[in-house]
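Student: Here it is: the structure, laid out below.
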Ligand code: ACM
């Protein structure tokens, strides 16, 4: 990424006759999430009065993240001015190993930032935006403070699933705004599954003509019973995809698309039945109308590979900044391959001992195909079950119950890992047994009880791992599957404020975190949640808006 931040108001030496008026004394301490590594606030002294406004050097506004930072500051009430007598925002780029490292110094006269790059500038702006408090006259001000900060993990993500239930462009963008405030920087967008194909692919129009709607949906009251109501087609046009991707980029977020291979593919196979194992008995692919794991997998043929090559070419063009492309890989049943004469012949020709090796074959083909687009694959942790995955593959750890741990197996094999264990980071799971939790009927077990405290208790750096293995722990992510999430209000209830806990666990080492202190900072977020119209889960379990 080109860095265009070269602003140094070096001429602004101490004692310059700045006329910006200081605030009255500030006694409040900001409740920033995630808490910066080092934050010292001079309580009781004058701070930077927000009504002053700031002058910003034009270089900052020429850089995309600089503009994003300015928007974040304006959202927090800082006005941009051009007059000489205003406070000044000074930004200096410094060298640092961590691209997101930043430091802030706020004085009554202005704000000075030192940043390692554009992304760090955006992070600094989020910290400032959350640091606006009231001075003793009740006016908005930034306290005089010093901050130095950098994240523990570079990939901090949330996965959204518009396949089981639609999630509109606007609902997705609202979620992106929430993510950006807490410095999450990756949206993992699950765009194809058994119950729906949600991304327009120009070369294969039937994917959306056939794959974007289904005959019925399991009822909320009983997932075994369908509602007998056909869904309306729902998918994102390429223009809508570009709009979400560019909106995300403007908030410092990269969107990682996921297309499931080789399982969870019923919708694609319903659209193009020749891609499936069409020689198995009772072959009748259709867009799935039940939840769970379905038998339809891609057939291991050149035709399927050609299809995937074309689909991923369009996907890569739509997501130009995604360094990773997710190929799914979870829960791919072997039954059809075992029954298919064609798949069995394929295995025999290649000396394969068991059908799981067909998944292994797909994983390697996908890695080769995406490498030609300069991308690395990410796969759910099943990709290391049936033989060595390609060295550059990123493993997304989710099966927290499997022993030996796929997290440790992956790092021992030298894979980069993004952790999203179902034990802590499945935001579709229940948060408790309070009336709203029960009314919302979360998917998965009501026993899961993954409230924010549970999320917050996770340590993403397990004891006993070596420094080399630690290097492979690149990220943390929460997944929000949507079998039981039919609208944006419910999504927000499931995600907020757990997302705050996710953000802090990914940012701040476990030994520096204390849940009781964190609660105080969550409570300080409520006015922002309210201003954004978010249906967050209050501390007593009630939904804020619903
Ligand atoms: C998953 O929850 N099937 C990744």
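Read-outs throughout are calculated quantities, based only on the coordinates presented, and are distinct from any laboratory measurement. Just so we're clear, the structure is a prediction, and the values are computed from it rather than from any experiment. Glycine gets a Cβ as well: all are built from the backbone with ideal geometry, and neighbour counts include every protein chain shown.
Student: Please state the shape class of region 32-101: rounded when a/c is under 1.5, otherwise prolate if a/b exceeds b/c and oblate if not, all from the C-alpha gyration tensor.
Tutor: Working: a/c = 1.75, a/b = 1.07, b/c = 1.64.
The shape class here is oblate.
Student: Where both residues lie in the chain, what percent of DSSP beta bridges are antiparallel, nearest 5? Let's see the in-between values first.
Tutor: Values: 26 of 66 bridges.
Around 40 percent antiparallel, to the nearest 5.
Student: Another question, if that's okay. Going by average Cβ neighbours within 10 Å, how do the peptides 45-51, 384-390 rank, with the highest at the top?
Tutor: On the way: 45-51: 21.0, 384-390: 18.3.
Top to bottom by mean Cβ count within 10 Å: 45-51, 384-390.
Student: Using all alpha carbons of region 206-265, what is the percent of pairwise distances in each 10 Å bin, ordered from the shortest bin to the longest?
Tutor: All Cα pairs, binned at 10 Å, distribute as 18, 31, 34, 17, 1 percent.
Student: Find the Cα radius of gyration of region 390-546, compare it with 2.2 N^0.38 Å by division, and give the number to two decimals.
Tutor: On the way: Rg = 16.5 Å, N = 157, 2.2 N^0.38 = 15.0 Å.
Cα Rg divided by the expected 2.2 N^0.38 Å: 1.10.
Student: How do 64-71, 527-534 rank on mean C-beta neighbours within 10 Å, highest first?
Tutor: On the way: 64-71: 20.9, 527-534: 14.8.
By packing density, highest mean first, the sequence is 64-71, 527-534.
Student: While we're here: Looking at region 304-384 from every direction and averaging, what is the projected area of its Cα convex hull in nm²?
Tutor: On the way: hull surface 22.3 nm².
Quarter of the Cα hull surface area: 5.6 nm².
Student: Rg over Rh of region 352-483, using C-alpha atoms and the Kirkwood radius, what does it come to? Walk me through the numbers on the way to the answer.
Tutor: Details: Rg = 16.8 Å, Rh = 16.3 Å.
With Rg and the Kirkwood Rh in hand, the quotient comes to 1.03.
Student: Let me ask something else about it. Rounded to two decimals, what ratio of Rg to Rh does region 85-171 give with C-alpha atoms and a Kirkwood Rh? Spell out each step's value before the answer.
Tutor: Values: Rg = 17.2 Å, Rh = 15.3 Å.
In region 85-171, Rg relative to Rh is 1.13.
Student: Please give the Cα centre distance for region 215-275 versus region 462-494, rounded to the nearest Å.
Tutor: 20 Å
Student: Shape verdict for the chain, please, from the Cα gyration tensor: rounded (a/c under 1.5), prolate (a/b greater than b/c) or oblate.
Tutor: prolate
Student: Whole number please: convex hull volume per residue of the Cα set in region 458-546, in Å³?
Tutor: Working: hull volume 10.9 nm³, N = 89.
Expressed per residue, the convex hull around the Cα atoms of region 458-546 is 122 Å³.
Student: Turning to a different aspect of this structure: Compute the Cα gyration tensor for region 450-505, then decide on rounded, prolate or oblate, letting a ≥ b ≥ c be the square roots of its eigenvalues: rounded whenever a/c is under 1.5, prolate when a/b is larger than b/c in the other cases, and oblate in all that remain. Before the final figure, lay out each step's value.
Tutor: Numbers: a/c = 3.41, a/b = 2.36, b/c = 1.45.
Taking the square roots of the gyration eigenvalues as a ≥ b ≥ c, region 450-505 is prolate.
Student: Output the 0 to 90 degree angle, nearest 10, between the alpha-carbon long axis of helix 356-371 and the longest principal axis computed from the alpha carbons of the chain.
Tutor: Relative to the chain, helix 356-371 is tipped by roughly 50 degrees.
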